[in-house]
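A.B. asks: Got a structure for you, written out below as structure tokens; questions coming shortly.
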């Protein structure tokens, strides 16, 4: 638990405030701490009162998740803008984390420190992909993860019409909202991260994966569309570095794990099953949908005006874009009827295999599994003159079976006990149920810091984060005098993004969202003083309903509705 005079403890707990992607990677407890922080907030609980979720409890779990998905789609955008939370440098962060992790291991496992994710990410040039190519290679983004309050507050930011968040934020939102709103049992929710992405696996029905704002069922996973391709990308090209669950976590680079072994085995088995499908006619069609370079090896026959007509498969796949019907399933004939007759040929096209022959092959031989004999049988059948048959077979096997690369289970297993939230009906009950666990469960203790509860957590980690990791606020007040910075902060709306009187925003949140309570503005001014004028002394005092920042020359008063005990003077030392 937090130890005031322990620098490593301070680093861990201050990371629970900023929750950057790199901090979550170094301190894997933080993944589930963010989920708990959202569950402790009344914001998601209030969603239950929205008419959109009326009678939701009468629907099955998958329909409830679909309903939740649409709500999230309507209210949140995906945001990965480098300017949102500012930039830092590799040397600075390596210095911070040197006591926790070896630089070489970090470079192999984290996208910001060298990892580029197999051939796919080398091909797309990862720094250019994320907009980092305009900076030196030592420059990296903070990419802070947002609580539900910060996600919703994006609607106040220029250029945003709704809330927003990055992939970790959206994954945590899904995990917490699925439990609160969709009533998905907590034990079935697994939050996992690769070096470049975060997703949630829900062990319901045949499995559901939350990917950014969307959810993907097992059928969707193999439908060959662009959306499913994006969802599959992380598991196809990256290793899973962290899995977080109510029972704990497992991390690829740490020797011990706190997740229950039975829960991890269940997740591993379920995820492997989710990512595997037997090859049949529909799967082959879906594979060709995703891999258009192979479509020219095939043609489709259609009976029109009592005569057989032939058409290139790539043309038919193109027509899918304007139709609800698809190649490879029961709606295929409907799709073919929608295509104008002059698109068809009266005779078969040379060197192309007929889809109907493939369909008959699967009817006669059944589905194709891992058995090499049956795969070779299909290869022999694909005898028409397309020179890419070997490529097609290789790609088809990879498409039908992804093998997720999970953390090795040879760990020292530590039992911290499961977080039990069965039966809770409000955020207050969540707090009541988990607070007794704080002394034995670090994830729970860190959750109160992530929740920004200054009545139940220490000031020093909050202030260390505020005064060391808020570059957006510093840039906004760059070259301003103290008086000018005070005027700037006073011009912002006098409203915190956090409803409760004991929860506080960081300076970057105040500036990004153009609003803040007086105490939050006072800390933002101190951040400016500490970084721009380190020689100047200051003091934070309470006076009636205001907080006052005193310098050697002047006092700056900020009216406030926050009610928390003031920090000690040495809490500002970091």
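The values are calculated or read from the model by the stated rules, or taken from the named source; none is laboratory data. All figures in this text were calculated on a predicted structure; none of them were measured in a lab. Reconstructed Cβ throughout: ideal geometry from the backbone, glycine too, with neighbour counts over all protein chains shown.
A.B. asks: Which of the helices (runs of 4 or more DSSP H) contained wholly in the stretch 444-498 include at least 3 residues that are under 26 Å from the mean Cα position of the chain (by Cα) and modelled with pLDDT of 95 or more?
C.D. replies: Fully inside the stretch 444-498 and qualifying: 459-468, 471-476.
A.B. asks: Now a separate question. Could you identify the single residue in 467, 463, 437, 474 that is assigned by TED's automatic domain parsing to the domain that holds residue 143 and either buried (at least 17 other Cβ atoms within 10 Å of the Cβ) or within 20 Å of residue 537 (Cα to Cα) (or both)?
C.D. replies: Selected residue: 437, the only one of 467, 463, 437, 474 that is assigned by TED's automatic domain parsing to the domain that holds residue 143 and either buried (at least 17 other Cβ atoms within 10 Å of the Cβ) or within 20 Å of residue 537 (Cα to Cα) (or both).
A.B. asks: Another question, if that's okay. Would you confirm, using the coordinates I've provided, whether residue 228 is in contact with a strand residue (DSSP E or B) (Cβ under 8 Å, 6 or more places away or on another chain), in contact (Cβ under 8 Å) with a residue 12 or more places away in the chain, assigned by TED's automatic domain parsing to the domain that holds residue 174 and over 27 Å from residue 71 (Cα atoms)?
C.D. replies: no
A.B. asks: Same structure, new question: Given the options 247, 313, 303, 285, name the one that is in the same structural domain as residue 441 (by TED's automatic domain parsing) and either more than 17 Å from residue 226 (Cα to Cα) or buried (at least 18 other Cβ atoms within 10 Å of the Cβ) (or both).
C.D. replies: Matching residue, one of 247, 313, 303, 285: 247.
A.B. asks: I need every pair where a residue in the stretch 134-163 that is at negative phi and in the same structural domain as residue 19 (by TED's automatic domain parsing) has its Cβ under 6 Å from the Cβ of a residue that is modelled with pLDDT under 90 and part of a helix (DSSP H, G or I), sequence separation at least 6 or different chains.
C.D. replies: Cβ pairs passing all conditions: 138/90; 140/90; 140/112.
A.B. asks: Also: All but one of (1) assigned by TED's automatic domain parsing to the domain that holds residue 176; (2) modelled with pLDDT under 95; (3) under 30 Å from residue 195 (Cα atoms) hold for residue 422, so report the exception by its number.
C.D. replies: For residue 422, the exception is condition (3).
A.B. asks: Going by what's in this entry, would residue 318 be described as over 32 Å from the mean Cα position of the chain (by Cα) and either outside the structural domain of residue 235 (by TED's automatic domain parsing) or modelled with pLDDT under 90 (or both)?
C.D. replies: no
A.B. asks: Residue check, residue 2 against (1) under 27 Å from residue 440 (Cα atoms); (2) in contact with a helix residue (DSSP H, G or I) (Cβ under 7 Å, 6 or more places away or on another chain); (3) in the same structural domain as residue 439 (by TED's automatic domain parsing), all met but one. Which one?
C.D. replies: (3)
A.B. asks: For the stretch 442-453, state whether one or more residues are within 26 Å of residue 256 (Cβ to Cβ), out of contact with any helix residue (DSSP H, G or I) (no Cβ under 6 Å at 6 or more places or on another chain) and crowded, with 17+ Cβ neighbours inside 10 Å.
C.D. replies: Yes, that holds for at least one residue.
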